[in-house]
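Right, one structure below, let's go through it.
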Amino acid sequence: MIQRIEVTEAGSRLDAYIASQLTDISRSYIATLMDEGRITCSGAKKLKASYKVCVGDIIEIDIPAPVDTDTKPQDIPLDIVYEDDDLIIINKPQGMVVHPACGHHDDTLVNALLHHCEGRLSDINGVIRPGIVHRIDKDTSGLMVAVKNNETHQALADMLAKHEIVRQYRCIVHGIVAPDKGTIDAPIGRSSTDRRKMIVREEGKESITHFEVVTRYSEATDVSLLLETGRTHQIRAHMTYIGHPPVGDPIYAGRKKTYGLEGQALHSKSISFIHPRTKEKLFFEVDLPDYYKEALSKFTPIKNK
């Protein structure tokens, strides 16, 4: 379906202008469509979200029709940290896929949410990812938010874009991280040689990760991380970039020792934001999961500098 918008006001960012005209799709989905070349402005396809629109510009948006899938509700236990009429916060276990994809059509978080919420989930992102406003990787554990209506979805997507949702992670990485704390400010884009990987590259998207050492071990470091942006594989790519890939990571750690892990030791430990409807400040934190604690027990702590 092609949406056509004629710009009548100049000076707004392209993504903001589209979002103001098409209130039923999120800023994050607009960014996805832009990445896929589905948005043109006066015929130009290579666009940046920050492009300032001009009066008379013609924006054309190719919104793909929802793909009909056999995604069905499944009675899968969920660790629910919080729930109300607008949203639900889940403590996702390591190994659970968030939404159906090639090779993973069942037993996903979406299957479980469809059952638990009796189908009452936002549909901005189509039938494959109902309720999903942000995601974490299959082997990343911990807190993530799902939403039950399009108004909440739009609000949270905008908050994510404005960095108003604070997410703190814990990660065990290979090697000894020397500085006690630091910031990695390096753009991330997809690797041209391995499509599974995101890497630091000049033409990538702005990506900022703050880290702080929790404990140093003889062969690894337990670090706490705060995301200022939310790029795909951001922590995994940034920590690899500074020479410390996550322990157990099948993509970024190569042939390094896994210490019995079946995926990266990466856990979404806390999340905080302002509830878009009640305006209440929400903060949630969960314990480190057993797999993470067991991995830490295999290392010998060393004294911090």
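Being more than 16 Å from Ile172 (Cβ to Cβ), assigned to a strand (DSSP E or B) and open to solvent by 50 Å² or more (accessible area, probe 1.4 Å) is the filter here; which residues of region 196-218 pass it? Lay out the reasoning, then the answer.
Restricting attention to region 196-218, the residues satisfying the condition of being more than 16 Å from Ile172 (Cβ to Cβ) are 196-208, 210.
Restricting the remaining residues to those that are assigned to a strand (DSSP E or B) gives 198-200, 205, 208, 210.
Of everything in region 196-218, those that are more than 16 Å from Ile172 (Cβ to Cβ), assigned to a strand (DSSP E or B) and open to solvent by 50 Å² or more (accessible area, probe 1.4 Å) turn out to be Ile199, Lys205, His210.
When region 140-191 is examined, which residues are found to be assigned to a loop (DSSP other than H, G, I, E, B) and open to solvent by 20 Å² or more (accessible area, probe 1.4 Å)? Full working, then the answer.
First pass over region 140-191, keeping only residues assigned to a loop (DSSP other than H, G, I, E, B): 140, 148-149, 162-165, 175-180, 186-187, 191.
Correct list: Lys148, Asn149, Lys162, His163, Glu164, Gly175, Ile176, Ala178, Pro179, Asp180, Pro187.
Within region 219-234, take every residue that is open to solvent by less than 10 Å² (accessible area, probe 1.4 Å) and hydrophobic (A, V, I, L, M, F, W, C) and give me the one that is farthest from Ile172 (Cα to Cα).
Pass one, region 219-234, residues open to solvent by less than 10 Å² (accessible area, probe 1.4 Å): 220-223, 225, 229, 234.
This time we only want the ones that are hydrophobic (A, V, I, L, M, F, W, C), so: 220, 223, 225.
Numbers: Ala220: 7, Val223: 6, Leu225: 11 Å.
Among those residues, the one meeting the criterion is Leu225.
Among the residues of region 48-63, how many are open to solvent by 80 Å² or more (accessible area, probe 1.4 Å) and outside any strand (DSSP E or B)? Step through it out loud before you land on a result.
First pass over region 48-63, keeping only residues open to solvent by 80 Å² or more (accessible area, probe 1.4 Å): 48, 52, 55.
Checking the rest, the ones that are also outside any strand (DSSP E or B) come to 48, 55.
Within region 48-63, residues that are open to solvent by 80 Å² or more (accessible area, probe 1.4 Å) and outside any strand (DSSP E or B) number 2.
Given the options Glu206, Glu202, name the one that is within 20 Å of the chain's Cα centre (by Cα) and at pLDDT below 95. First the steps, then the outcome.
Values: Glu202 fails: within 20 Å of the chain's Cα centre (by Cα).
The match here is Glu206.
Of the numbered conditions (1) open to solvent by 70 Å² or more (accessible area, probe 1.4 Å); (2) of a type in the set (Val, Ile, Thr); (3) closer than 22 Å to Thr183 by Cα, Thr300 satisfies every one except a single condition; which is it?
It fails just one condition, (3).
For (1) at pLDDT 95 or above; (2) farther than 30 Å from Asp84 by Cβ; (3) not in a loop (DSSP other than H, G, I, E, B), each residue gets a yes or a no:
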{"position": "Thr193", "(1), (2), (3)": "no, yes, no"}
{"position": "Thr221", "(1), (2), (3)": "yes, yes, yes"}
{"position": "Thr229", "(1), (2), (3)": "no, no, no"}
{"position": "Pro250", "(1), (2), (3)": "no, yes, no"}
{"position": "Arg255", "(1), (2), (3)": "no, yes, no"}
{"position": "Tyr259", "(1), (2), (3)": "no, yes, no"}
{"position": "Pro276", "(1), (2), (3)": "no, no, no"}
{"position": "Lys293", "(1), (2), (3)": "yes, yes, yes"}
{"position": "Lys305", "(1), (2), (3)": "no, yes, no"}
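Tell me whether region 34-47 contains one or more residues that are of a type in the set (Ser, Thr, Tyr), more than 27 Å from Ile136 (Cβ to Cβ), buried (at least 17 other Cβ atoms within 10 Å of the Cβ) and modelled with pLDDT under 85.
No.
Suppose we keep only residues that are out of contact with any Asp or Glu (no Cβ under 6 Å at 6 or more places or on another chain) and assigned to a loop (DSSP other than H, G, I, E, B) within region 261-274. Which one would you say is surrounded by the fewest Cβ atoms within 10 Å (Cβ to Cβ)?
Checked region 261-274; the qualifying residue surrounded by the fewest Cβ atoms within 10 Å (Cβ to Cβ) is Glu262.
Within region 217-252, track down each residue that is of a type outside the set (A, V, I, L, M, F, W, C), closer than 16 Å to Asp180 by Cβ and in contact with an Asp or Glu (Cβ under 8 Å, 6 or more places away or on another chain). Working first, answer last.
To start, the set of residues in region 217-252 that are of a type outside the set (A, V, I, L, M, F, W, C) comprises 217-219, 221-222, 224, 228-234, 236, 238, 240-241, 243-246, 248-250, 252.
Retained after the next criterion (residues that are closer than 16 Å to Asp180 by Cβ): 217, 221-222, 224, 244.
Matches in region 217-252: Ser224 only.
The values are calculated or read from the model by the stated rules, or taken from the named source; none is laboratory data. Here the structure is a predicted model, which means the values were calculated and not measured. Using ideal geometry, Cβ is built from the backbone for each residue, glycine included, and neighbour counts are taken over all protein chains shown. What goes into the accessible areas is simple: the full protein's heavy atoms, side chains included, and nothing from ligands, DNA or RNA. Shrake-Rupley method; radii C 1.70, N 1.55, O 1.52, S 1.80 Å.
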